[in-house]
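Take a look at the structure below.
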Amino acid sequence: MPLIFLDFDDVICLNNPYGGYDVARAAYEVPEPDLWDKLFHRPSVRVLLAMLQEHKAQVVITSSWLRFLDRDGIDTLLERTGLAPLKNALHPQWDAPQNRHETRLSAIERWLAANHRGEAFIVLDDTLSGAALVDSHLDKDGRVVWCVEGVGLTSEHSEKVRSALMGQSER
């Protein structure tokens with residue numbers, strides 16, 4: 001099964017009106033009543049779910065939200081936001097968290113070294129949180145889709161994802 005490394009911010013969460021800080025606060029305060037309905041950008045979620053369905057891909061979460069959400073927290077988040085298909089698509093080794101002073105690229109490389117079995121893969125990220133991925137070997141190999149801040153994942157990204165996930169793995 002191909003792999004999708006998924007960041008949340010600026011990919012499926014545009015931080016408008018809510019973002020990761022609101023999710024973290026929800027553990028300690030009563031959340032806004034529409035938090036779970038408006039947290040994720042529905043057009044971007046539709047594109048992601050279509051990619052999952054088309055490619056039967058498994059997902060590895062790379063988001064900075066891993067700093068405050070464990071597996072149970074991710075499962076609960078995805079259930080509350082109506083993203084059960086994403087929850088069901090999580091890889092058994094479902095996360096690639098960044099250690100302190102580590103880049104997103106390093107976290108993905110560490111995950112690949114430990115878990116990659118030759119599957120085709122793509123990284124869905126943005127240039128802010130995924131800065132170390134810019135011009136990296138993964139980027140140059142066509143393995144990174146760049147989402148624009150305030151826009152997120154769009155259908156225009158589908159062809160690059162399709163190409164990466166249907167091609168042979170470079171690693």
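Numbers below:
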read-out	value
Set of lysines with alpha-carbon distance to Lys140 below 23 Å, sequence-local pairs under 8 removed	Lys160
Sites Ala114 and Ala27, calculated FRET efficiency, Cβ-Cβ separation with R0 35 Å, nearest 0.05	0.75
Acute angle (nearest 10 degrees) that the helix 71-80 long axis makes with the longest principal axis of the chain, alpha-carbon atoms	70
Fully extended contour minus Cα-Cα distance, from Thr103 to Glu149, at 0.36 nm per residue	14.7 nm
Using θ = phi - 60° and Karplus 6.51 cos²θ - 1.76 cosθ + 1.60, couplings along the stretch 81-98 (whole Hz; Gly, Pro as x)	9, x, 10, 4, x, 5, 4, 5, 8, 5, 5, x, 9, 6, 10, 10, x, 7
Anchor Lys38: aspartates and glutamates whose Cα lies under 16 Å away (excluding residues fewer than 8 positions away in-chain)	Asp9, Asp10, Asp22, Glu79
Trp94 versus Arg162: modelled label distance in nm, points set 7 Å from Cα along the beta carbon direction	3.0
Taking N as its residue count, the alpha carbon Rg of the chain over 2.2 N^0.38 Å	0.97
Per-residue SASA entry for Lys87, accessible area with 1.4 Å probe, Å² rounded to 10	50
Beta bridges per DSSP with both ends in the chain, % antiparallel, nearest 5	5
Residues of type aspartates and glutamates that Lys56 reaches as a straight line, Cα spacing below 14 Å, ignoring anything fewer than 8 places off in the same chain	Glu119
222 nm mean residue ellipticity, helices alone, for the chain (DSSP H n ≥ 4; -39,500 (n - 2.57); rounded to 500)	-10500 deg cm²/dmol
Accessible-area value, Glu119, 1.4 Å probe, nucleic acids and ligands omitted, Å²	30
Degrees between helix 42-55 axis and first principal axis of the chain (Cα, 0 to 90, nearest 10)	40
Chymotrypsin sites (Phe, Trp or Tyr not before Pro) within the stretch 1-73: DSSP coil, no more than 10 neighbouring Cβ in 10 Å	Tyr28
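The values are calculated or read from the model by the stated rules, or taken from the named source; none is laboratory data. If you're wondering where the values come from, they're calculated on a predicted model, not measured in any experiment. A quick note on method: Cβ atoms are made from the backbone with ideal geometry, for glycine too, and the neighbour counts reach across all protein chains shown. Only protein heavy atoms, including side chains, enter the accessible area calculation; ligands, DNA and RNA are left aside. Shrake-Rupley method; radii C 1.70, N 1.55, O 1.52, S 1.80 Å.
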